[in-house]
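So the structure is just underneath, and the comments pick up after that.
The values are calculated or read from the model by the stated rules, or taken from the named source; none is laboratory data. Small disclaimer: the values here were computed from a predicted structure and weren't measured. Quick reminder, even Gly has a Cβ in these numbers, built from the backbone with ideal geometry, and neighbours come from all protein chains shown. Please note that ligands, DNA and RNA were not included when accessible areas were found on the heavy atoms of the full protein model with its side chains. Shrake-Rupley method; radii C 1.70, N 1.55, O 1.52, S 1.80 Å.
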Amino acid sequence: MELVRKLSRLTRLGEPGATSFVCQALLGALLIFTFWLADAVMDFLIQGNRTFLEFLLHPDPHEISDFALILFLVCCLLLYSRRSHRIETRLEDALQQALDKAERERAKLEGIVEAMGDAISIQDPDLNVIYQNRAHQELTGYSVGRPCYEAYRKRSTVCEDCHLTAAFEDGQVHRSELGPGTSATGGYVEIIGSALRTGDGTPLYGIEVVRDITARKSAEREAIELNAALTRQAQELKQTNQELESFCQAISHDLRAPLTRVYSSAQELKGYRELLDDNGRFFVDLVHDGCVQMEELLDSLMVLCRVTQVEIERGELDLVPVALEIAARLRQDYEGHPVSFQLPERLVANGDASLIRVVLENLLSNAWKYTSGMPAPAVELGTTADDSGETVFFVRDNGAGFDGTRADQLFQPFKRLHSYRDFPGTGLGLATVRRIVRRHNGRIWAEGEPGKGASFYFTLPG
């Protein structure tokens, strides 16, 4: 019987094929021989009228029919066993393939969960931790097999505000935040809980995502403090600008009355030029010219205050008609100074019409003024594009130019790169231009060389 068991195991372990069939045939033959031998022994012991070899080698006809039936049954059993073995082998192969596929899917899913970077754990409906990824273990420690409220919150009962319990009940995604006093990390964490359910709504697992938001909270707090500081600074700056504007207006208005008296007196003294000597006439002219210069300076201060206070009303406008009107006035002011003025047929900008007019008046009048000593003065108004494709407007001349290393000083109030005797002015025109351009969120800069002209560039973002 031990041999039968060994052969049976051999047939089960063998692959369907010639070897397995031979083993099964030997097993069948061994079973038939064993039955034959056992039957002869039983007949010999019961009947005893013949020798054992006669019972073994010369069986009765009915015993031969029994042996034939047994042989048939054994053959059927072997065939059935062989068929069952093949089916079992196929099922085992299919099961192994399914297990391999499930293992690959599990490894892929774990890889995705690990690559997400968030700390993720899975709890069963009783809130026992059944899975933690590496990030979750590093954040809270290894807690598989323990209730989540005990592992993460150091409690013996379920938390009243448990997000997973709420997710199990309504199937929604629930979020909560814990501070340094309640989180397992000692900092700020955000917890996102959701439930995985069966088709009939029965909860299977609770998925918990934990994110350390301490850095984000610190950044938010710093942003709030920074915004508060910026708000205070903006209010202080606004108040300071209002005080400066009020100061400029007060100076402009309060100085006009005494200036008018001085100017009127100088005008009257000019009627007595014949009674004065050369020194007297010189000083009278000096007072008169100083009053004219002071009047121009006060007018420039008023313009600077107005461009700061006025509300900007942006819209599209063509700069060409405005520039032609300004050029016509400048030709009248500078008689005997023929300037070649070049500009395109159309030059569209987006901005406040009155303020952009002030920009063109200052830039074109400067170009006219600084080309006064040139044999063939030329001024050009046009556009170009910078590296980012933004439209850049420019006013270019071939006049006196300036030292390019001091270009930033051009836009500072009362800062001059040329003497007043050579080129009269208040020193506030370009400062006014810069303020207008900045109020349009634009940029302005200048390029030039002494004796080779100057170019002023500005942008008006739409």
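You will find that of Val395, Val320, Val348, the residue that is of a type in the set (Val, Ile, Thr), touching a residue at least 24 places away in the same chain (Cβ under 8 Å) and surrounded by 20 or more Cβ atoms within 10 Å (Cβ to Cβ) is Val395 and no other.
Counted as qualifying within region 122-213 are the helices (runs of 4 or more DSSP H) with 1 or more residues that are farther than 26 Å from Arg106 by Cα, namely 148-153, 163-170. Residues in region 202-215 that are modelled with pLDDT under 80 and open to solvent by 30 Å² or more (accessible area, probe 1.4 Å): how many? Selection size over region 202-215: 4.
Checking the condition out of contact with any Ser or Thr (no Cβ under 7 Å at 6 or more places or on another chain) and over 16 Å from Val437 (Cβ atoms), which residue from Leu343, Leu317 passes? None of the others qualify; the one that does is Leu343.
Does any residue of region 364-385 turn out to be assigned to a loop (DSSP other than H, G, I, E, B), basic (Lys, Arg) and at pLDDT 80 or above? Walk me through it before giving the result.
Going through region 364-385, the residues assigned to a loop (DSSP other than H, G, I, E, B) turn out to be 371-377.
Within this subset, residues satisfying the condition of being basic (Lys, Arg) are none.
No, because not a single residue in region 364-385 is assigned to a loop (DSSP other than H, G, I, E, B), basic (Lys, Arg) and at pLDDT 80 or above.
For region 133-166, the set of residues classified as without any contact (Cβ under 8 Å) to a residue 40 or more places away in the chain, closer than 17 Å to Arg211 by Cβ and in contact with a strand residue (DSSP E or B) (Cβ under 6 Å, 6 or more places away or on another chain) consists of Asn133, Ala135, listed by residue number.
Selection over region 436-462 of residues that are surrounded by 21 or more Cβ atoms within 10 Å (Cβ to Cβ) and in a helix (DSSP H, G or I) gives a count of 2. Looking at region 11-21, can you tell me whether even one residue there is among the charged types (D, E, K, R), out of contact with any strand residue (DSSP E or B) (no Cβ under 9 Å at 6 or more places or on another chain) and modelled with pLDDT under 75? Yes, there is a match, as at least one residue in region 11-21 is among the charged types (D, E, K, R), out of contact with any strand residue (DSSP E or B) (no Cβ under 9 Å at 6 or more places or on another chain) and modelled with pLDDT under 75.
Quick one: how many residues across region 96-121 are in a helix (DSSP H, G or I) and open to solvent by 100 Å² or more (accessible area, probe 1.4 Å)?
Let us first name the residues in region 96-121 that are in a helix (DSSP H, G or I), namely 96-115.
After this cut, where a residue has to be open to solvent by 100 Å² or more (accessible area, probe 1.4 Å) as well, the list is 97, 101, 104, 106, 108-109.
Count: 6.
Just one residue in the set Leu237, Leu196 is closer than 21 Å to Ser121 by Cβ, more than 23 Å from the chain's Cα centre (by Cα) and open to solvent by 30 Å² or more (accessible area, probe 1.4 Å); that residue is Leu196.
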